[in-house]
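The values are calculated or read from the model by the stated rules, or taken from the named source; none is laboratory data. Being a predicted model, the structure only gives us computed values, none of them experimental. Every residue, glycine as well, gets a Cβ built from its backbone with ideal geometry; the counts of neighbours run over all protein chains shown. The accessibility values were calculated without ligands, DNA or RNA, using every heavy atom of the protein model including side chains. Shrake-Rupley method; radii C 1.70, N 1.55, O 1.52, S 1.80 Å.
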Amino acid sequence: MTDLVKSSVKGKGPVRIMVCVEDEYPLGPIAGAISRAFPVFNRKTKSKKADAGEDGDNGEEEEEERMIHVTFLDSKGRVVKNEVEINAAREAAEGVRLACRLVDTHPEELTSTAFAQECHDLFDEDDTVTIEEIVGEELKEKGYGGIYNVGKGATEPPRLVIMTYDPPKDVLTEEDEEQSAITLVGKGIVYDTGGLAIKSRVGMCGMKHDMGGAAGVLGGFAAAVRLRTPRKIRLMLCLAENAIGPESVRNDDIITQYSGKTVEINNSDAEGRLVLSDAVAHATQHFDDSDLVVDMATLTGAQLVSTGKTHAAILTNKEELEHTAVKAGLVSGDLCYPLLYAPELLNKEFNSKVADMKNSVKDRSNAQCSCAGHFIESHIDSKYIERDGGWLHVDMAGPEVKRREELVMV
């Protein structure tokens, strides 16, 4: 759908799109797909036309706001007027546009501090959402060794942002009130140099997108809040810049994660799992009303080898969660496919002689995308597992790379 819209809409001015849908098909996924075709972030000062001097105004041209009108038709050709469906489509599209704008924003502008401010701008006036932040040295003092050590070398401090949406009482039924909460966790590395295990010149370009997981769950959370979803939702964003500086974490350093486990750093460029592990440990230790934790990240290049550029890789401790995620992907268009789940065979890849584990695998040819997910899983609190809590890991590096390669400023 996104490719079709991109190829059909050129130039400037208002756009009208008509979509024929099967009866009962949800409109939200279609609206999200259409919205991807119209990127929000742009810092160009001239259009191509103005560059050629065709406007007669010193080669300058102001950017005009573009209106996109979308009309849905049912199987009989009638305009869909269901306000609930239309509103859901509108908020799904806005959530996607929010995520795309953040992912496209350059790191000088979207620092960890600026990302946190985006959250406040979205929800400070919404009394259903509370926001808590743990920032800088406070992370160290409270034991969040993963987030702190990854981000301590940057000019802007690392931070863990925790948002809680409590639905209004008037939208809840008795059945809704009995539902457990859902916790979403996003990797928000606003720029990834690789740290002291520095990336190559080519490999570093595009690493402003390494906060795609955090942007994605924030967009989904924002849509759920605006739609007044009748279920409690928490959102945890692990925000940091993996920078190079005098304070940067070193290969051979040993850090202590929030779970209490020690990790020997053998690759400072395997930082995403460190920040996510702190958040997942926090969620499973402290959120007694939650029975599902979902973490999302642009975590590994190995994901592209495992499931490709169109399907995110998923890893979960529950078979029914795996099936649910795959079905949701087919409906939404955000496709996913299961990874090998074998912690008893793969955790040995992280064996260390001086710590509980290393942060990067010994054998990169041994299902390393699964290994990365199992690293995060190893920090889940044991009591959460005992009460049959669910965990779903989403590595969407491939789909994010595909979106980056196809990005066209319309």
About its Cα centre, the range 237-388 carries a charge dipole, from +1 on Lys and Arg Cβ atoms and -1 on Asp and Glu Cβ atoms, whose size in debye to the nearest 20 is 480
Whats the longest run of the chain with zero GluC sites (Glu not before Pro) that are DSSP loop and have at most 16 other Cβ atoms within 10 Å? 248-410
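Can you divide the C-alpha Rg of the range 173-232 by 2.2 N^0.38 Å and report the result to two decimal places?
Values: Rg = 17.5 Å, N = 60, 2.2 N^0.38 = 10.4 Å.
Normalised by 2.2 N^0.38 Å, the Cα Rg of the range 173-232 equals 1.68.
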Could you tell me which residue out of VAL161, PRO399, SER35 lies farthest along the dipole of the chain toward its positive end? Charges go on the beta carbon: Lys and Arg +1, Asp and Glu -1, centred on the Cα centre. PRO399
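Within the accessible area of the chain, what % is carbon and sulfur when the probe is 1.4 Å and the other protein chains stay in place?
Working: 9920 of 19990 Å².
Whole-percent figure for carbon plus sulfur exposure: 50.
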Counting only protein heavy atoms and leaving out ligands, DNA and RNA, the solvent-accessible surface of CYS369 at a 1.4 Å probe, in Å² to the nearest 10, equals 0
log10 of Debye I(q)/I(0), alpha-carbon scatterers only, for the range 206-267 at 0.16, 0.23 Å⁻¹: -0.77, -1.04
Cα-projected label distance for GLU108 with THR155, points at 7 Å along beta-carbon direction, nm: 0.9
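Evaluated at 10 °C with a viscosity of 1.306 mPa s, what Stokes-Einstein diffusion coefficient in µm²/s does the range 67-109 have when Rh comes from the Kirkwood expression over alpha-carbon pairs? Walk me through the numbers on the way to the answer.
Numbers: Rh = 12.6 Å.
Taking Rh from Cα pairs, D becomes 126 µm²/s.
Would you mind giving the three semi-axes, in whole Å and largest first, of the ellipsoid equivalent to the range 291-375 according to its Cα gyration tensor?
Details: eigenvalues 126, 41, 20 Å².
One finds semi-axes of 25, 14, 10 Å for the range 291-375.
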Using a ≥ b ≥ c from the Cα gyration tensor of the range 238-340 (square roots of the eigenvalues), is it rounded, prolate or oblate, where a/c under 1.5 gives rounded and otherwise the larger of a/b and b/c decides, a/b for prolate? oblate
Length-normalised contact order of the chain, Cα under 8 Å, at least 6 apart, in percent, tallies to 17
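Averaging the inverse of every distinct alpha carbon separation and then flipping it gives the Kirkwood radius. What is it for the range 96-190, in angstrom units?
Values: mean 1/r = 0.0651 Å⁻¹.
Evaluated on the range 96-190, it is 15.4 Å.
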Leaving out same-chain residues fewer than 8 places away, which aspartates and glutamates sit with a Cα under 20 Å from that of LYS10? ASP51, GLU54, ASP55, GLU61, GLU62, GLU63, GLU64, GLU65, GLU405, GLU406
Can you give me the pair-distance distribution of the range 164-296, C-alpha pairs, 10 Å bins, whole percents? 12, 35, 29, 16, 7, 1
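Residue separation times 0.36 nm, minus the C-alpha to C-alpha distance between GLU24 and VAL305: what's the value?
Details: separation 281, 0.36 × 281 = 101.16 nm, distance 3.58 nm.
Separation in residues times 0.36 nm, less the Cα-Cα distance, equals 97.6 nm.
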With +1 on each Lys and Arg Cβ and -1 on each Asp and Glu Cβ, how big is the dipole of the chain about its Cα centre, in debye rounded to the nearest 20? 1460
Could you give the alpha-carbon Rg of the chain over 2.2 N^0.38 Å, rounded to two decimals? 1.01
